[in-house]
1. Rank D253, D280, D291 by mean-square fluctuation in a GNM of the chain with C-alpha springs under 10 angstrom and give only the top-ranked residue.
2. Mind checking the dipole of segment 185-281: about its Cα centre, +1 per Lys or Arg Cβ, -1 per Asp or Glu Cβ, Debye to the nearest 20?
3. On a straight-distance basis, which aspartates and glutamates could pair with K72 in a cross-link, Cα separation under 17 angstrom, same-chain partners fewer than 8 positions away excluded?
4. So what is Rg over Rh here for segment 185-281, counting just Cα atoms and using Kirkwood for Rh?
5. Might you report the magnitude of the Cβ-based charge dipole of segment 102-187 about its Cα centre, with Lys and Arg at +1 and Asp and Glu at -1, to the nearest 20 debye?
6. Using a Gaussian network model of the chain whose springs link C-alpha atoms within less than 10 Å, name the residue from M210, M350, M237 with the highest mean-square fluctuation.
7. With 19 Å as the limit, write out which pairs from K73/K202; K183/K372; K202/K355 have Cα-Cα distances beyond it, or answer none.
8. Using square roots of five times the C-alpha gyration tensor eigenvalues, list the equivalent-ellipsoid semi-axes of the chain in whole Å, biggest first.
Amino acid sequence: MESNSHDVIVIGGGPAGSTVATLTAREGRSVVLLDRERFPRFRVGESLMPATYWTLKRLGVLDRLKASHFPKKFSVQFFSSNGRCATPFYFSEIDPHENTQTWQVDRAEFDQILLQNSIDSGVAVHQQANVKQVLFDGPRAVGVDVEFAEGDRRRLHASVIVDASGQTAMLSRKLGLKQVDPKLQHAALYTRYRGAVRSPGKDEGATLIMHTREERSWFWYIPLPDDQVSVGVVGPMDYLVKQRVGTLQETFDEEVALCPALPQRIRDAERLTAVAAIRDFSYISRQIAGDGWVLAGDAFGFLDPIYSTGVFLALTSAENAADSINAAFAAGDFSGERLGRHGEKYVAGMEAMRKLVYAYYDPDFNFAEFLKRFPRCREDLVHLLIGNVFRRPAGELFDSMSEMCELPEPRTLAPLEPSS
């Protein structure tokens, strides 16, 4: 590395980090991206929402995705606790544009595409570079202390530090900003299969969401390249982990037996990986930016994976952050107020998806019954499943939904005092 001083330092090379790095570098900024791992690396979260199309188009990677072997995703299908499949939600039913078709991706390969795109855009990418801490001068972030793979430890400085460190949430934890949603403290157990049953025709690449009999947990079922399928079960931490005495494999198999729609799909399939576990705690930070720093992706907030919002929120928050950063450079103002100008709108969209998550977990709520009672809300619901929470209002959807379930009060960002 030729210099210790840069315009932007990005911590983390996942979808959020690579996106903000690319979009700031293309504006002529000196950008360094630091990731503690070596790519490609495994990640869950393989299903893209259709609304990722717009950021992927801006990044210039759509042609690579169109030419890829990733299965095409046209819909999402929900299975009830008795194994019955509701009418699929086809994204194209409310918009015939190509943006309503998306992909089921292998994250190792997908994230590598985005990271290489950053390199091609002029970002100085350093893998196996472990950021030990963010450096502050009073309240202002001014740099990072980083240890490189060869053991060299250096201090790098920049006008803006972007924390895209994922659920490590380096700055949010350091500054005491993280707020966990008490009603969405879940865990997930997951594995992969080869040779599992896929739906025929257009539904082959659909995301399947399957309830278990007592509706205490649910499964994702996501078709992937090379005849693989990602399968995971999500449930409350107390139920899925703390109340179990067996191995993760035994718990997973117990949950499979409780899911009427699943066993026949994986009966003749080969399990490819050991069952692993992650915490799926939903959370949000009280601030999205401060003097000299910005949070992006999971480093700012994470939402339960029921609607596959992970990559979509990472890309959107990063694109918004990049726009705020570029505007800050144009104004010569790196205050938290300036760097966080996108925060209020972003949080409002995230909160709309959170309401949909609450509805899914409400034991007295059923989407089929909801649409029978409020058929005019189907279009608004499909728009949310697409991810159109930042492009259009939700209409009367949540007013109608609140008549059948309890929705959360919206969260907002803490106000920032203008810098003197």
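Here, each number is a calculation from the coordinates, and none is a lab measurement. The shown structure was predicted, so the numbers you read here are calculated from the model rather than taken from an experiment. Glycine also receives a Cβ, built like all others from the backbone with ideal geometry; neighbour counts cover every protein chain displayed.
1. Checking each option, the largest mean-square fluctuation is seen for D253.
2. 60
3. Candidates past the 8-residue exclusion: E46, D63, E93, D95, E98, D106, E109, D203, E204, D226, D227.
4. 0.96
5. The dipole magnitude comes to about 500 debye.
6. M237
7. K183/K372; K202/K355
8. 36, 24, 21
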